[in-house]
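Peer 1: Structure incoming, see below.
The values are calculated or read from the model by the stated rules, or taken from the named source; none is laboratory data. All figures in this text were calculated on a predicted structure; none of them were measured in a lab. Virtual Cβ from ideal backbone geometry, glycine too; neighbours counted across all protein chains shown.
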Amino acid sequence: HSLFSAFSKFGPLYSVRAHRNAAVAGPGYYAVIKFYSAGDAGRAQRACNGQKLFQKSPLKVCVCTKEKGFQHQVLALNSNKCQELANHYLGFNGWSSRIITLQNVSGFDGENEELEETSQKRSVKYLCAVEVTLPNHGVHTRGVALGEADTENSKDPLEFVTASRRAQKLAVGRALSIAFQKILLIVLENGKVAVEYNPSQEELTDYLTEEELKGLVQVSELSLQQFDLEEEDDLLSDLNFEDELPSREMLSN
C-alpha cells in the first residue's frame, strides 16, 4: 500500500509486486513497479531515487530495461485496466461504452447436444458486441467476443443461472477489451492526450450499422471457431458477479 501510494502520484500503475531478496543478497526486499507510461516511470525514478519515502533508509530506484534479443509477449489489457486508463487520460465523461447485443449461442456448434447425451455437463456461451465512443476525439470502435462457462449439473437451475451470468460477463469484458485495443492514446510532454484509431487490420464491425452488426452475430450466420476462448490469468479476478454488466453511458452536463 505504501509503495502504491508513493509511486501512483506520478501516473497510473499497471502492477506493484514486492519480493524477498535472494539469499545471496542478504536480508531485505525489492519491488517491481510497472507503469503504463515510460515517461511516468522516468519521473518517478528521478524523484524517488535516494529518498526516504516511507522508511528510515533511502531507496535505490532504477528503471528496468529489456535485454537485447529478448522477445516479450505483449498481452492485451483486460477491460478493467482499459477503463482505468480511459478514466485517467480522458476523464470520466471523456468516453462511454454500451452493449449493442448480447446473445445466447449455447449449443450452436452441436457440442451441448453431444454432451447432454453422455453426461449432465453443459456449456453456456454468450456472444457480445460492444461499442466504445470518445466524443471529444470523434472516435468510436466496436468489439465482438465470446464468453463461455461450464455447468457440472445442467439440471440445477441456480448453477445454470450462475454459469450464464459468468459467460455474459466474460463476453462483455472481452468485447470491451477488443474495442479498446483499436484506440491509441498518445500522451504529449505538455500533458495533453491525442487519440488515434489504430486497428491491426480493417475492421468490418466498426463500419456496419447496428442492424447489420446484430445480423452478423446471429447464430445462423456465425462460426464460433473464429473466437479465441483462451482466458487471461487476471481476467476472472476483474469480474464481480453481483454487479451489473459493465456498460456505461457518458453523463450529460
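Peer 1: Taking the range 5-47, which residues are surrounded by fewer than 13 Cβ atoms within 10 Å (Cβ to Cβ) and closer than 16 Å to LEU85 by Cα?
Peer 2: LYS9, SER15, LYS34, ALA38
Peer 1: Give me a count of the residues in the range 72-105 that are in a loop (DSSP other than H, G, I, E, B), crowded, with 17+ Cβ neighbours inside 10 Å and among the β-branched types (Val, Ile, Thr).
Peer 2: Here the count works out to 1.
Peer 1: Name the pairs whose Cβ atoms lie under 7 Å apart, with the first residue in the range 81-95 and under 24 Å from VAL16 (Cβ atoms), the second in a helix (DSSP H, G or I) and hydrophobic (A, V, I, L, M, F, W, C), and 6 or more positions between them or separate chains?
Peer 2: CYS82/LEU176; CYS82/PHE180
Peer 1: If you don't mind, there's one more thing I want to ask. State all residues of the range 1-38 that are touching a Phe, Trp or Tyr at 6+ places or on another chain (Cβ under 9 Å) and assigned to a helix (DSSP H, G or I); if no residue qualifies, say none.
Peer 2: If the condition is that a residue be touching a Phe, Trp or Tyr at 6+ places or on another chain (Cβ under 9 Å) and assigned to a helix (DSSP H, G or I), then SER2, LEU3, SER5, ALA6, PHE7, PHE10 are the ones that fit.
Peer 1: Where residues in the range 176-199 are more than 10 Å from THR141 (Cβ to Cβ) and without any contact (Cβ under 8 Å) to a residue 60 or more places away in the chain, which of them is surrounded by the fewest Cβ atoms within 10 Å (Cβ to Cβ)?
Peer 2: It comes out as ASN190.
This table checks each residue for (1) in contact with a strand residue (DSSP E or B) (Cβ under 6 Å, 6 or more places away or on another chain); (2) among the basic types (Lys, Arg).
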| site | (1), (2) |
| --- | --- |
| ALA22 | no, no |
| GLY28 | no, no |
| ALA31 | yes, no |
| LYS34 | yes, yes |
| ASP40 | no, no |
| LEU77 | no, no |
| GLN83 | no, no |
| ILE100 | yes, no |
| GLN103 | yes, no |
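Peer 1: Pull out all pairs, ordered by first then second residue, where Cβ-Cβ is under 6 Å, the residues are six or more apart or on different chains, the first lies in the range 147-171 and is within 10 Å of ARG122 (Cβ to Cβ), and the second is basic (Lys, Arg) and modelled with pLDDT under 85.
Peer 2: Close Cβ pairs (under 6 Å, with a partner that is basic (Lys, Arg) and modelled with pLDDT under 85) amount to THR151/ARG122; SER154/ARG122.
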